[in-house]
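These notes are about the structure you will find just below.
The values are calculated or read from the model by the stated rules, or taken from the named source; none is laboratory data. Keep in mind it's a predicted model, so treat the numbers as computed, not measured. So basically every Cβ, Gly included, is an ideal-geometry build from the backbone, and we count neighbours across all protein chains shown. SASA here: full protein model, heavy atoms, side chains in, ligands and nucleic acids out. Shrake-Rupley method; radii C 1.70, N 1.55, O 1.52, S 1.80 Å.
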Amino acid sequence: MTTQIDLTIIVAKTAILVLGGSITYYALRAFERTGDRSLRALGIGFGVVTVGALVGGVSHQIIGADLAVGIAIDSLLTAAGFAVIVYSLYVE
């Protein structure tokens, strides 16, 4: 059972890394084209969310930290990333 849960976590974190990385890349490319600060903040926000998922997964799967530690890291960085994304919606 543990192996199945570990595999599910790995697949989900990989999907988050690929999709979140894509969103980050395109938002930052759009910022470079337009110079719009809100797009830069949006890219940074999604980048933080993506890194949070990566660090949370790595801490559990590779470093061997408790699953709760990985979830806590992921949750904290996700909250910080979402705060930056909300900020991006208000920047002019």
How big is the convex hull of the Cα atoms of the chain, per residue, in Å³?
74
Two pseudo-spin positions, 7 Å from Cα along C-beta at Asp66 and at Thr14, lie apart in nanometres by 2.9
Whole-Hz couplings from phi, Karplus 6.51/-1.76/1.60, listed for segment 60-65; x for Gly and Pro
7, 6, 9, 6, x, 5
I'd like the FRET efficiency for Tyr25 and Leu89, computed as 1/(1 + (r/R0)^6) with the beta carbon distance as r and R0 of 25 Å, rounded to 0.05.
0.80
With n ≥ 4 as the cut-off for DSSP H runs, can you work out [θ] at 222 nm for the chain, using -39500 (n - 2.57) per run divided by the number of residues, rounded to the nearest 500?
-32000 deg cm²/dmol
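For Arg33 and Gln4, what does the FRET efficiency come to when R0 = 41 Å and r is the distance between their Cβ atoms, rounded to the nearest 0.05?
The pair Arg33/Gln4 has a calculated efficiency of 0.40.
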Leaving out ligands, DNA and RNA, what percent of the accessible area of the chain is carbon and sulfur, probe 1.4 Å?
72
